[in-house]
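Notes to accompany the following structure.
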Amino acid sequence: MRKLAISLAVLLTACQAETDSQPDSAVSDNVAPVLEASETTRSANAAVRDYLNFEDRADFDAASRGFIASLPEGVIPGSTDLPAYQYDGHNFLDEDYSDTVNPSLWRQGQLNAKHGLFEVVPGIYQVRNYDLSNVTFIEGETGWIVVDPLITRETADYALKLVNQELGERPISAVLYTHSHIDHYGGVRGIISEEDVAAGTQIIAPIGFTRETVSENILAGNAMSRRASYMFGSLLPKNAQGNVGVGLGQGISSGMPGMIPPTLIVDRTGQTEIIDGIEFEFMLTLGAEAPAEFMFYLPKWKAFCQAEIINRTLHNMYTPRGAKVRDGRLWAQYIDEAIYTYAEKSDVSFGSHHWPTWGSDDITEFWEGQRDLYRYIHDRTLYLANQGYTIHEIPELMNLPDGIAKSFYNRDYYGTVSHNSKAQYQLYFGYFDGNPANLNPLGPVEAGKKFVDYMGGADNVIAKAKDDYDNGEYRFAATALNHVVFAEPDNQKAADLLANVYTQMGYMAESGSWRNFYLTGAQELRGGIAELPTPQTGSPDMVKALPLDLFFDLMAVRLNAEKAIGKDMRLNFRISDTGETTLLILSNGTLHHRMGQKDDEAPTFSITSGGLIALNTNQKTAQELTAEGLIEVSGSLSQKLAVRDFFSLIDVFPFWFEIVRP
């Protein structure tokens with residue numbers, strides 16, 4: 001089936017960026033007043049320092065090993081006045097630790113902030129912290145085999161510039177996309193073009209890649225993108241009271257992502273391919289960290305690429321930006337398969353994020369720790385659920401054993417034990433906890449009003465919450481004040497106190513994602529929403545690779561059902577230059593599509609494939625395309641008017657909706 005375009009601010013697939021491409025340096029002017037860490041926050045952070053072995057500097061040695069050079073500019077230029085990425089933006093982490101940051105997250109930020117070109121082993125090189133992910137350059141017989149070319153064209157181009165400067169210019173012989181999240185393919189046009197592919201440059205990806213690049217997020221992408229602006233801290237200043245990174249990396253680039261479709265598909269574990277003279281052994285890991293993903297082994301170097309299945313952090317089985325939950329059991333099984341297949345014969349393991357691990361003993365220990373982490377969360381969640389504990393009770397009982405929790409690579413820098421245990425509960429039982437009180441609770445506005453009324457008014461709630469704040473009891477203070485804010489959105493006294501609560505919770509958070517959520521929420525409570533440049537993720541490359549049926553699924557989601565009720569109709573949607581026809585059926589406020597069918601009695605809306613791409617990437621308006629003859633509507637005058645009315649029922653979602661207020 002021919003692939004066509006869909007343009008929204010939705011084409012975000014973060015690793016669980018997952019990821020939105022919000023400008024890296026676009027921060028709000030609504031800067032929070034500088035709050036000192038409270039005594040409770042300082043005590044909580046001190047407890048982390050006491051629990052973990054901060055004297056262990058092995059990760060710092062590993063993260064610096066093989067350093068060759070970095071470009072001196074500190075920023076990667078973008079197509080606008082804003083830089084595409086600022087790789088020296090977290091230099092403040094080199095200074096003394098601040099008690100406004102969880103010390104474990106500060107340490108992770110120090111490690112992730114190391115940037116430049118590194119030698120993994122002679123013949124394998126990585127550019128790190130020129131974007132959220134790593135890009136790897138493998139020396140083939142004739143050129144570079146590039147693995148995961150970052151998020152945007154601008155950052156990938158800069159990484160290649162650094163490689164050419166330090167290692168000499170070589171052609172790109174192949175590109176590997178390890179999986180279907182945007183930080184692993186979006187920058188491909190910064191290193192190759194379609195002409196290169198036509199001349200023989202291979203693009204290798206796992207089975208299902210093309211559809212899964214966006215299909216997980218396409219229907220809910222607007223909300224995911226907005227929430228991702230919280231998760232990645234894109235709206236926060238980079239300092240000890242703001243953005244210190246997101247655990248998986250330091251930030252996400254802005255600019256233009258793209259995608260050139262694969263030319264070779266890996267569809268089975270054990271598949272072996274010779275790519276530019278180098279043998280690759282592939283291992284599929286579908287449905288764990290990403291819907292479509294592989295790892296691979298390079299016998300020449302005894303090197304294993306762990307993609308994003310194994311990381312120097314607990315990853316997300318549920319991502320705060322929102323996505324389908326992931327199966328910890330399956331995730332652990334893939335890691336165990338890697339252990340018994342490749343660990344003993346690997347001298348180095350490198351990934352799509354963070355720094356490599358050298359030596360089979362250290363590799364085995366690392367992989368086993370990550371395997372046990374995901375399996376423990378999965379199995380312990382089900383153990384407790386089968387004893388009657390619920391989705392909200394289980395996280396309070398999920399204390400990881402020291403053998404797992406004391407390893408820095410298992411800490412909550414990106415995902416969290418709390419969210420991941422809830423994800424495993426949801427995977428099996430859904431969000432309902434079985435308590436009848438939660439079958440049909442009031443919505444947040446109505447519940448807030450009742451809560452405030454029960455408590456004797458907003459002033460009483462604020463006074464009690466202030467006592468909790470002063471006593472360091474932040475979690476319930478946040479719950480109580482959130483009720484006031486939803487009951488009385490204009491109550492700035494409540495909003496300011498809630499912002500202070502969120503700030504202290506952010507200062508304590510070990511997870512970069514949680515910290516960014518808390519601090520961004522605090523910022524918007526104090527100063528409102530700052531409508532900064534939105535992600536440029538709807539590039540023609542991204543959208544023209546989508547199956548046409550997803551376009552109609554998206555159209556159905558965007559249908560304004562209230563306006564559509566009573567306007568039932570049938571419409572033939574035709575791609576005029578390919579002859580593809582789809583029958584659209586508007587019925588009772590719902591929209592259905594039947595691919596390959598038509599109704600001879602219905603009007604026909606015809607558009608060229610190029611016209612559809614131009615329309616959906618905002619290159620041209622419908623009026624311009626009609627004037628150019630790229631859109632035609634057949635049928636009677638009344639039918640043509642009905643078609644025009646039909647398209648008026650398809651809404652465009654607002655991006656800057658409220659999150660911390662109703």
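Each reported figure results from applying straightforward, stated rules to the coordinates on display, with no laboratory input. Every value quoted in this text rests on a predicted model; they were computed, and no experiment measured them. Note that we place each Cβ from the backbone using ideal geometry, even for glycine, and neighbour counts take in every protein chain shown.
One table, with the values for the structure above:
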item: Whole-angstrom gap from the stretch 135-198 to the stretch 349-372, using each part's C-alpha centre; result: 24 Å
item: Cα-projected label distance for Asn435 with Asp402, points at 7 Å along beta-carbon direction, nm; result: 3.4 nm
item: Estimated FRET transfer efficiency when R0 is 25 angstrom, pair Asp56-Asn471 (beta carbons, to 0.05); result: 0.15
item: Long-range amide H partners of Ile275 with built H, under 5 Å; result: Phe280
item: Kirkwood Rh in Å, taken over all unlike Cα pairs in the chain; result: 26.2 Å
item: Charge dipole of the chain about the Cα centre (unit charges at C-beta), most positive-ward option of Gly251, Ile76, Pro436; result: Pro436
item: Sites Tyr340 and Phe657 - FRET efficiency at Förster radius 45 Å, r taken between beta-carbons, to 0.05; result: 0.40
item: Least to most buried among His593, His354 (fewest other Cβ within 10 Å first); result: His593, His354
item: Rough spin-label spacing in nm, given labels placed 7 Å along Cα→Cβ, for Asp600 and Lys493; result: 7.4 nm
item: Burial order of peptide ranges 583-589, 513-519, 631-637 (average beta-carbon count within 10 Å, highest first); result: 513-519, 583-589, 631-637
item: Fully extended contour minus Cα-Cα distance, from Asn560 to Glu36, at 0.36 nm per residue; result: 184.0 nm
item: Listed pairs Lys161/Lys324; Lys114/Lys406; Lys450/Lys493; Lys422/Lys544 exceeding 25 Å between Cα atoms; result: Lys161/Lys324; Lys422/Lys544
item: Sorted peptide list for 164-170, 204-210, 332-338, criterion being average Cβ within 10 angstrom, highest first; result: 204-210, 332-338, 164-170
item: Rounded if a/c under 1.5, otherwise prolate or oblate - the stretch 114-255, Cα gyration tensor axes; result: oblate
item: The chain - share of DSSP beta bridges that are antiparallel (%, nearest 5); result: 75 percent
item: Within the stretch 558-662, percent of DSSP bridges classed antiparallel, to nearest 5; result: 80 percent
item: Computed FRET value (nearest 0.05) for Ser648 with Gln619, which takes r as the C-beta separation and R₀ as 22 Å; result: 0.55
item: Mean residue ellipticity (222 nm) of the chain, computed from DSSP H runs ≥ 4 via -39,500 (n - 2.57), nearest 500; result: -11000 deg cm²/dmol
